[in-house]
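Undergrad: For reference, the structure I am asking about is given below.
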Amino acid sequence: MASSSAASPALKRRAVLLASLAFMVVGTGSIYFLVVALKLISGEFHWPRAIPSAAYALQYFGGGVGGIFMGYCLDRFGMKAPALAAATMIGGGAICTSYITNQWQLYLIYGVMMGFLGRAALFSPLTANITRWFEHKRSMAVGIVGSGQALAGALWPPVFQQFFDAVGWRETALWYGVFALATMLPLVPILAMRPPAPAPAPTP
């Protein structure tokens, strides 16, 4: 009985670690979508490439500013609020991208939905949250979660390119959004679990 109760926190830690990594990999696809689709979007609308490039930059800017807000939400409400925001905004933002008709829509989607409310809830909240779960091997846990960005960079560009060639960038954006919602939302309850209380400091 003692061994099973001791195993439960360890299983929860592993579940949160794997969920954080998967969340990072799927959510970071929003960055690489615009990188790979830049020429296609510019060509369809006869825009200079500076327009989708600006949307790409807005996602980073929104993510940086929004990271402060998401850090506050993490401290105040736990990981549930940032995770739910990231899942819905990245998935919903990708779906909305498939319907854009002018540049302000692209800026709004990438600056606010994908950036301020989406990407902002990925790296900083996920890495901060995982430190609450690991008293030992904490640095390794942070490294595993952070590696999700590199894994996303290896995974998503060739996947997006294959789908662009097969069905076009709009259909790809739609199905990436559906995939993000279908995979990220089920991970929210795992990420929302409360971390164990820190061990009491030894008395001198």
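The values are calculated or read from the model by the stated rules, or taken from the named source; none is laboratory data. Just so we're clear, the structure is a prediction, and the values are computed from it rather than from any experiment. Here the Cβ positions follow ideal geometry from the backbone for every residue, glycine too, while neighbour counts run over all protein chains shown. We work out accessible area using only protein heavy atoms, side chains counted, and drop any ligands, DNA or RNA first. Shrake-Rupley method; radii C 1.70, N 1.55, O 1.52, S 1.80 Å.
Undergrad: Once neighbouring chains are kept in place and the probe is 1.4 Å, which whole percent of the accessible area of the range 1-129 is contributed by carbon and sulfur? Intermediate results must be reported in sequence, preceding the final value.
TA: Working: 4030 of 5740 Å².
Answer for the range 1-129: carbon and sulfur cover 70 percent of the accessible area.
Undergrad: For the range 89-157, what is the relative contact order in percent, using Cα pairs closer than 8 Å and at least 6 residues apart in sequence?
TA: 25
Undergrad: Using a 1.4 angstrom probe, figure out how much accessible area the chain has per residue, in square angstrom, rounded to the nearest whole.
TA: Ligands and nucleic acids excluded, the figure is 51 Å² per residue.
Undergrad: Next up: So, with a 1.4 angstrom probe, what is the percent of accessible area on the range 145-199 that is carbon and sulfur? List each step's numbers first, then the result.
TA: Numbers: 2070 of 2920 Å².
Carbon and sulfur together cover 71 percent of it.
Undergrad: Still on this structure: Give me the lysines in straight-line cross-link reach of K12: C-alpha distance below 25 Å, same-chain residues under 8 apart excluded.
TA: K80, K137
Undergrad: Scan the chain and report its longest stretch carrying no trypsin sites (Lys or Arg not before Pro) that are both in a DSSP loop and have at most 14 other Cβ atoms within 10 Å. Please list the in-between numbers first.
TA: Values: sites that count: R49, K137.
Counting only loop sites that pass the neighbour cut-off, the longest clear stretch is 50-136.
Undergrad: Oh, and also: Quick check: pseudo-label points 7 Å beyond the Cα along Cα→Cβ at A54 and E135, how many nm apart are they?
TA: Label-label distance for A54 and E135, simple model: 5.3 nm.
Undergrad: Find, among the chymotrypsin sites (Phe, Trp or Tyr not before Pro) in the range 30-128, those assigned to loop by DSSP (not H, G, I, E, B) with at most 12 other beta-carbon atoms within 10 angstrom. Could the numbers behind the result be given before it?
TA: Numbers: sites: Y32, F33, F45, Y56, Y60, F61, F69, Y72, F77, Y99, W104, Y107, Y110, F116, F123; in loops: Y99.
In loop regions of the range 30-128 (DSSP not H, G, I, E or B), the sparsely surrounded chymotrypsin sites (Phe, Trp or Tyr not before Pro) are Y99.
Undergrad: With mean projected area of the Cα convex hull in nm² in mind, check (1) 16.2; (2) 13.0; (3) 10.8 and report the label derived from this structure.
TA: Here the calculated entry is (2).
Undergrad: Let me check against my output: what whole-number percent is the relative contact order of the chain, with C-alpha pairs under 8 Å and at least 6 apart? Numbers along the way, then the final one.
TA: Numbers: 273 pairs, mean separation 71.1, N = 204.
Taking the mean separation of contacting Cα pairs over the length of the chain, I get 35 percent.
Undergrad: Using r as the Cβ-Cβ distance of S147 and R194, and R0 as 22 Å, what FRET efficiency do you calculate, to the nearest 0.05?
TA: Values: r = 25 Å, r/R0 = 1.13.
That pair, S147 with R194, gives E of 0.30.
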